[in-house]
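A quick write-up on the structure given underneath.
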C-alpha cells in the first residue's frame with residue numbers, strides 16, 4: 001500500500017484506489033493529469049492499494065509465488081479478504097474516518113460484490129466507479145472473446161497434439177491454428193492455478209494463436225482489448241504498458257472468462273456440481289445480487305462509449321439494476337461518448353471531463 005499526501009492544506013478525507021493493475025496507474029502522467037496527484041494537491045489523503053500478485057503485493061506468510069497454491073484465488077477472494085483488510089487498515093490508521101473509494105475496472109467489480117452482500121458499508125463514505133465491469137456478457141472485444149474460448153477449453157475437436165510443461169513454460173507442437181488453440185486450452189488445465197504474467201511465455205503463446213485470426217488487429221493490441229481510445233499520448237501509453245500491466249492468477253482469468261460466457265455475476269464455477277457443492281453447498285455458484293446493494297450508498301459512475309470491456313450494453317444493464325432501487329440523490333452517472341477503457345485513467349483531458357465532476361461529487365458527500 002502507498003500513501004500520498006500534501007501537508008499544506010488541512011485534510012479531512014481519505015481516498016482508496018483499487019484497480020486491476022499496479023497502483024502506479026494513477027500517477028503515470030504529469031501532476032496536472034494524474035488523479036492521484038490532483039487529489040493530493042487538493043489537500044486530500046490518498047491511499048493506493050496494489051492488487052494481489054502485482055510487483056508490490058507478492059508477500060505471503062507461508063507461500064511463495066513459485067507455489068501453485070499461492071495463485072489459487074480469483075476476484076472472489078479480493079472482495080472477501082483483500083479489500084476488507086485494506087479498507088480496515090485505512091480506517092484504523094485515520095482514527096475511524098470512512099473513505100471515499102475510487103475503483104477502475106476490476107476495482108469496481110470487487111466493491112460491488114462486497115456491497116451486494118452488505119459488507120464494508122461501515123467503512124465507505126462514497127464510491128466512484130470508473131469503467132465498471134460487473135457484467136461482461138456483451139463485451140465487444142473479439143480478442144477477449146477468443147481468449148475466453150482458450151481459458152474455458154471450449155475447443156476440443158481434432159485433438160492430436162503434444163503439450164510439454166517445463167516449470168511454467170508451455171512448449172507447443174502444433175499442426176495448425178485450430179490444433180494450437182486446443183493445445184493452449186489443455187496447457188491451462190495442466191498448469192493449474194498458477195501465475196499469468198502478461199509479458200511471460202504463456203501469454204506470448206496465446207498471442208501467437210490469437211493473432212492468427214484475421215479479424216483481430218494485433219498491430220494495436222491495446223485497442224483490441226480496451227477499445228479505440230480518443231485521448232492518450234504515446235509516451236503515457238508506453239509507460240502504462242511498461243509499468244501498469246501486472247501478473248494475476250490463471251484462475252482469476254478463468255473466472256472473468258466465465259462472466260463473459262455466462263450472463264450474470266457469480267462466484268467462481270468449479271466446473272461440476274460436486275465441486276460446487278463442496279464449496280457453496282449448491283450445484284451452481286451463487287449469484288452476487290447487485291440489486292440488493294443498499295440504496296443510501298453515494299455512487300458516481302462513469303463509462304465510455306468506445307469501451308470494449310465495460311461496454312455500453314453491459315454498463316446499461318448494471319445501471320438499470322442500480323437505478324431501479326437506488327436513491328436518485330445518491331447516484332450520478334457521467335457518460336463520455338469518445339472514451340475507451342484506458343482514457344479514464346491516463347487520458348490527457350480526463351482532469352477536465354471526468355475528475356472535476358468526480359471531485360465535486362466527493363466534496364458533496
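No lab work stands behind these numbers, since they all come straight from the coordinates. Computed from a predicted structure; not experimentally measured. A quick note on method: Cβ atoms are made from the backbone with ideal geometry, for glycine too, and the neighbour counts reach across all protein chains shown.
By the count of neighbouring beta-carbon atoms within 10 Å, fewest first, 218, 230 end up ordered 218, 230. In vacuo Debye scattering of the range 201-298, one point per C-alpha: log10 I(q)/I(0) at q = 0.17, 0.18, 0.25 Å⁻¹? Listed by q, the Debye log ratios stand at -1.03, -1.06, -1.30. Scattering from the range 261-337 was approximated by placing one identical point on each alpha carbon and applying the Debye formula without solvent; log10 I(q)/I(0) at 0.12, 0.23, 0.25, 0.26 1/Å stands at -0.48, -1.02, -1.10, -1.14. Taken over the C-alpha atoms, the range 229-365 has Rg and Dmax values of 18.2, 52 angstrom.
Here the mean projected area of the convex hull built on the C-alpha positions of the range 99-148 is 3.9 nm². Within the range 72-136, the ratio Rg/Rh, alpha carbon atoms throughout and Rh by Kirkwood, equals 0.96.
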